[in-house]
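K.L.:
Before I ask anything, here is the structure I am working with.
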Amino acid sequence: MKLKFLAAMLAYTAAAYAQAALTADQVKTFTLNNGMKFIVLESSSIPNANMYTFYKVGSRNEAPGITGLSHFFEHMMFNGSKNYGPKMFDRTMEANGGANNAYTNSDVTVYQDWFPASSLETIFKLEGDRIAHLSIDPKMVDSERGVVLSERSTGLENSNVRMLMQDLDSVAYVAHPYAIPTIGWESDIKAWTQKDLENYFHTYYAPNNAVSVIVGDVKVDKVKALATKYFGSIPKRAAPPAVRTVEPEQKGERRLFVAKPSATSANLMVAYKVPEAGSADNYALDVLQALLTEGKTSRLYKALVETQLATSVGSHSTDGFDPGLLYMFSVAAAGVEPAKLEKAMLEAIDKVANDGVSDEELQKVKNAKLLGIYRMQETINGKAQMLGNYEVFYGGYQKAFDAPAAYEKLTTADIQAVAAKYLKKSQRTVGVLAAKED
Amino acid sequence: MKKLFSIALTGAAAVAASAHAAEFKLPAFETAKLSNGLTVYMMERHDVPLVAVRAVVKAGAVNDGKQAGLANLTGDGVLLGSAKHSKAQIDQAFDFRGAVLAGGGGSEQSTVAANFARKDTDTLLPLFAELVQEPSFDAAELDKLRSRKVNGLKQAKESPRQVVGTYYRAMLFGNAAYGNPASGTVNSLTALKQEDVKAFHHRYFRPDNAALVVVGDFDPAEMRKKVEALFGQWKAEGPAPQRADYGKVQADKARVWVVNKSDAIETTFMIGGPGIARNDPDYVPLQVLNTVLGGRFTSWLNDELRVNSGLTYGANSSFSTLSQSGSFGISSFTALPKTEAALDLALKTYDRLWSKGIDKATLDSAKAYVKGQFPPRFETSEQLASLLGDMYANDVSRGQIDNFMKDVDSLTPERAKQLVEKHFPRKNLQMVLVGKAAEISKIAAKYGEVTNLEITADGFQP
């Protein structure tokens, strides 16, 4: 799943930086001899638990010819291993009351299991078996190709934003593999080989390239015993090759147009180059994104929706190991020319760097972030996602607990400074999707 | 992503729980009735310092009459300011405190919901009470909202997945009240006036036709006083609105609606017929049976259409329940050239309910699944508030929740067979196909009497 751009979801994902009542010392960790790290949080509010396993592999590890392979692998991980043949992973899990899903983006592939806590050992058996002994059955590969082609086309059929974002990425990046759509190009989906799949598995699905987070009605000692039993004997592998390509500096605005005949109004997307997840500017950028696009009092909502130029605004940013993009987008009201909408949108964005933000506006976003934390910590899944993201992208799960202070420290000058530094014309790509080109 | 979440036909019904894990108990809550007739539910939870509040009104698209979209516009319009505070003041008050404020109208219930920090209760609860009882429906703001909704309706038709369920409902219930599209149509919405919205609010938003649900971090004695002070003066005038007969599914012959979307690259479809009401005594066991057919990843439909054949990214089925009746539907989508193969396979797989039946091992697995997946459905205050609101609006007794475990555990293969015969529609199946008519119309005739529609035409009926 590459897109999680809806404003409502952003309230959860972007605010995933901290816990209030929860403290760092409640979180326990251990690392097996093969390098696989486990993060455990005991939480007994419901008799359930989850297991989120993060593999550091995504479409940034791909190249032409094998685009979409990370995501395809996410699918193949459900298609059989030594002790659980085709279909048996899901059948066993569901018969034990569990459910699962997974998502892939440019940087990570994450497997999510949700189950009654009493089924913990079954989940460990299943997860351990597929990392140790995945089968890549050519027959399953063929039918799964059809599934992924359908996933690709249904995304394009039902979401203009997805279609526009895919093409925008290929314009915004000239060298870095962030240009590759995570779902893959159609011709690659149809063409990758058995050998490609086997290489990929052996390169990236190593215990030392994974972090597993378990939150719920479990005991740390039990989790440790099960982890050792079911993952301990899986051999460590050589570290995967680093992504070498560094995106060269963008020297000026880039533009694109996508024609979609059935579009009833124009879709506009503006994306600016921003630094990687661990950057010191991250908190200020996160606040900037929120004050521009989140809520009915956000800058863009007031400038575009309240003025009836647009029917909605939104934004998206992904945690990434390499410098990425901050996307902002809006859907025009019927009959509003994209150029008119673009002018108003860019003016509203530029205003932050030019005129700054008020104390009240900054305080509003800080308050919203705090409530976002509370909502996140209402569920075991919110907690697992938060701990995993911080561990993988921000240098350790503990950083989640430092974040409130980092946000609190931000001043209006900090926000204006990051706006001036990153929201520049030369660093943006502007995309328009509409029924036809003029 | 491995799975797509299933298409929910009605937001309210989709929240309904399916089963009960052994250790799980619905948290205690109290029910009271104020002297003006307002039903009040309060449930204390102190995990996080948040309060979820919602007003649930028994009014929705079934009360729209010829003015499709009226309940929905009213439900959202409530947020546009009160007699005492402008929209800008309301937005500022909630946004500044990180609070969430939402309104809306579905088929049979309209909801105004807020979620805020405990410490902001005294600032925001009075504003919430004003919006529910004395919204201003400011003319300029209402115009903007209506125009945004009209645009939204046009945009929704760019995505077959967003509208296939609305066509399906309209097909099944015809001109009966349950067939009304909650969103309205471009023409019907455009015609709505401020006075229509005001009259709808006056008629239905009244204490003897509504419930107030409060779940979260509060002191019950203090909250009772606040609720009494803020909602006790709300007056009902004249006789309370009564529910009428909102209609039944019409399925006297097999029918196919082909909705043409000329640039479609896939065919999006629903197949089914009559279902059950939300408070049907068989509601819980039917959730288990539907789990086998199309309610989880290893369900028969997903296994056949996705895993075995690669025809689609996902296939599922569900009962969409209403207070008086309901519908059943299979949903999926496939690449245009595979349309016939996918439809045939969906029908063949569905027939296994009768030709093969559900064996004990499969049933046991489904029972374990619905029980195991139950607790996370009621983990947050917002989820619990939504459940209490649905119970009120759909006349569901506590018994259905409390007896979940018993109802799931007692289900046998013999009983499953009886329930399949009784509740799953086998004959005269109804089908909606959204796609490229030029290529799928000839296939459609195989499945029933064909009616052709254009997706760009107004509304959701021929």
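K.L.:
What are the ³J(HN,Hα) values, in whole Hz, obtained from phi via the Karplus relation 6.51 cos²θ - 1.76 cosθ + 1.60 with θ = phi - 60°, for each residue of segment A:364-370 in sequence order, with x given for Gly and Pro?
P.N.:
4, 5, 4, 4, 5, 5, 5
K.L.:
B:N279's amide H: which non-local residues (gap 5+, or another chain) put their own amide H closer than 5 Å, with H modeled 1.01 Å from N in plane and none for Pro or chain starts?
P.N.:
Distant-sequence amide H within range of B:N279: zero hits.
K.L.:
Once both axes come from the Cα atoms, what is the angle between helix A:380-393 and the longest principal axis of chain A, in degrees from 0 to 90, rounded to 10?
P.N.:
Approximately 80 degrees, to the nearest ten.
K.L.:
If you don't mind, another one. Just need log10 I(q)/I(0) for chain B at q = 0.12, 0.14 Å⁻¹, Debye formula, equal scatterers on the alpha-carbon atoms, no solvent, rounded to two decimals.
P.N.:
-1.09, -1.37
K.L.:
Where does chain A land on Rg/Rh, using Cα atoms and the Kirkwood Rh?
P.N.:
My calculation of the ratio gives 0.97.
K.L.:
In addition: In a Gaussian network model over chain A where Cα atoms closer than 10 Å are linked, find which of A:A284, A:A24, A:A242 has the largest mean-square fluctuation.
P.N.:
Among A:A284, A:A24, A:A242, the largest mean-square fluctuation in the Gaussian network model of chain A belongs to A:A242.
K.L.:
Tell me, what HN-Hα J-couplings in whole Hz come from the Karplus equation 6.51 cos²θ - 1.76 cosθ + 1.60 at θ = phi - 60° for each residue of segment B:325-342, using x for Gly and Pro?
P.N.:
Those phi angles translate into 7, x, 9, 10, x, 9, 10, 6, 7, 7, 4, 2, x, 9, 3, 5, 4, 5 Hz.
K.L.:
At 7 Å along Cα-to-Cβ for each site, give me the label-to-label distance between B:K360 and B:A139 in nm.
P.N.:
Distance between label points: 7.3 nm.
K.L.:
Please identify the trypsin sites (Lys or Arg not before Pro) of segment B:307-383 that satisfy two criteria: DSSP loop assignment and at most 16 other Cβ atoms within 10 Å. Which are they?
P.N.:
B:K356
K.L.:
Under 10 Å, Cα contacts only: if you run a Gaussian network model on chain A, which one of A:A227, A:A206, A:A191 comes out with the highest mean-square fluctuation?
P.N.:
A:A191
K.L.:
Could you work out [θ]222 nm for the protein assembly as shown from helices alone, using -39500 (n - 2.57) per DSSP H run of at least four and dividing by all its residues? Round to the nearest 500 deg cm²/dmol.
P.N.:
-12500 deg cm²/dmol
K.L.:
Let me ask something additional. Mind giving me the FRET efficiency for B:S147 and A:T412? R0 is 45 Å, r the Cβ-Cβ distance, nearest 0.05 is fine.
P.N.:
Between B:S147 and A:T412 the formula returns 0.85.
K.L.:
Please give the length that would be gained between A:E347 and A:V174 if that part of the chain were fully extended, namely 0.36 nm times their separation in residues minus their C-alpha to C-alpha distance (nm, one decimal).
P.N.:
Gain on extension, A:E347 to A:V174, equals 59.6 nm.
K.L.:
A follow-up question, please. Please identify the GluC sites (Glu not before Pro) of segment A:387-438 that satisfy two criteria: DSSP loop assignment and at most 15 other Cβ atoms within 10 Å. Which are they?
P.N.:
A:E437
K.L.:
Return the FRET efficiency for the residue pair B:R118, B:A254: r is the Cβ-Cβ distance, R0 is 45 Å, and the value is rounded to the nearest 0.05.
P.N.:
0.20
K.L.:
If you take each beta carbon of peptide A:371-377 and count the beta carbons of other chains within 10 angstrom, what is the mean?
P.N.:
The shielding value for this peptide is 5.
K.L.:
Moving on to the next point. If you look at just the Cα atoms of the protein assembly as shown, how large are its Rg and its Dmax in Å?
P.N.:
Using the Cα atoms of the protein assembly as shown, the pair Rg, Dmax is 26.5, 78 Å.
K.L.:
Nearest 20 debye, what's the magnitude of the dipole of the protein assembly as shown about its Cα centre given +1 on Lys and Arg Cβ and -1 on Asp and Glu Cβ?
P.N.:
1060
K.L.:
Something else now. Using only atoms on other chains, find how many Cβ atoms lie within 10 Å of each Cβ of peptide A:141-154 and report the average.
P.N.:
6
K.L.:
Starting from the 7 Å offset along Cα-to-Cβ, what nm value, one decimal, do you get for the label separation of A:E42 and A:K219?
P.N.:
0.8
K.L.:
What is the order of A:D414, B:D344, A:D113, B:D95, fewest Cβ neighbours within 10 Å to most?
P.N.:
Ascending Cβ contact count within 10 Å gives the list B:D344, A:D414, B:D95, A:D113.
K.L.:
Ranked by Cβ crowding within 10 angstrom, fewest neighbours first, how are A:I373, A:I136 ordered?
P.N.:
A:I136, A:I373
K.L.:
So for chain B, averaging the separation of alpha carbon pairs under 8 Å that are six or more residues apart and normalising by length, what relative contact order in percent results?
P.N.:
Dividing the mean separation by the residue count of chain B yields 25 percent.
K.L.:
Over segment B:296-433, how many percent of alpha carbon pairs lie in each 5 Å bin up to the one with the longest distance?
P.N.:
Calculated P(r), rounded to whole percents: 2, 8, 14, 18, 20, 16, 13, 7, 2, 0.
K.L.:
Counting only other chains, what is the mean number of Cβ atoms within 10 angstrom of the Cβ of each residue in peptide B:266-276?
P.N.:
1
K.L.:
Determine the relative contact order of chain A: mean sequence separation of Cα pairs under 8 Å and six or more apart, normalised by residue count, in whole percent.
P.N.:
RCO, chain A: 25 percent.
K.L.:
If contacts are Cα pairs under 8 angstrom and at least 6 residues apart, what is the relative contact order of segment A:24-231 in percent?
P.N.:
Here the relative contact order equals 40 percent.
K.L.:
Can you put B:V227, B:V213 in order of Cβ neighbours within 10 angstrom, beginning with the fewest?
P.N.:
Starting with the residue having the fewest Cβ neighbours, the order is B:V227, B:V213.
K.L.:
What fraction of the DSSP beta bridges in chain B is antiparallel, stated in percent and rounded to the nearest 5?
P.N.:
Within chain B, antiparallel bridges account for around 70 percent of the total.
K.L.:
For A:S81, list long-range residues whose amide hydrogen, built 1.01 Å from N in the peptide plane, is under 5 Å from its own amide hydrogen.
P.N.:
A:S135
K.L.:
Something else now. Mean-square fluctuation check for chain A, GNM, Cα pairs under 10 Å: which of A:P138, A:P323, A:P338 is largest?
P.N.:
Result: A:P138 has the largest fluctuation of those listed.
K.L.:
Could you tell me what percent of the DSSP beta bridges with both partners in chain A are antiparallel, to the nearest 5?
P.N.:
Counting DSSP beta bridges with both partners in chain A, the antiparallel share is about 80 percent.
K.L.:
For B:G98, which sequence-distant residues (separation of 5 or more, or a different chain) have an amide H within less than 5 Å of its own amide H, given hydrogens modelled in the peptide plane?
P.N.:
The answer is A:A368.
K.L.:
Across segment B:162-167, in residue order, what do the Karplus-derived ³J(HN,Hα) couplings come to in whole Hz, using 6.51 cos²θ - 1.76 cosθ + 1.60 with θ = phi - 60° and x for Gly and Pro?
P.N.:
After applying 6.51 cos²θ - 1.76 cosθ + 1.60, I find 6, 10, 4, x, 5, 4 Hz.
K.L.:
Among DSSP beta bridges whose residues both lie in the protein assembly as shown, state the antiparallel percentage, nearest 5.
P.N.:
In the protein assembly as shown, DSSP labels about 75 percent of beta bridges as antiparallel.
K.L.:
Could I ask something else about it? Report, in debye and to the nearest 20, how large the dipole of segment A:63-146 comes out about its Cα centre when Lys and Arg carry +1 and Asp and Glu carry -1 on their Cβ.
P.N.:
220
K.L.:
What FRET efficiency, computed as 1/(1 + (r/R0)^6) with R0 = 60 Å and r the Cβ-Cβ distance, is obtained for B:N279 and A:K436, rounded to the nearest 0.05?
P.N.:
0.75
K.L.:
Kindly give Rg over Rh for segment A:254-434, based on alpha-carbon atoms, with the Kirkwood expression for the hydrodynamic radius.
P.N.:
Checking Rg against Rh, the ratio lands at 0.98.
All of the numbers you see were taken from the coordinates with simple rules; none came from a lab. Values in this document were obtained by computation on a predicted structure and should not be read as measured data. Reconstructed Cβ throughout: ideal geometry from the backbone, glycine too, with neighbour counts over all protein chains shown.
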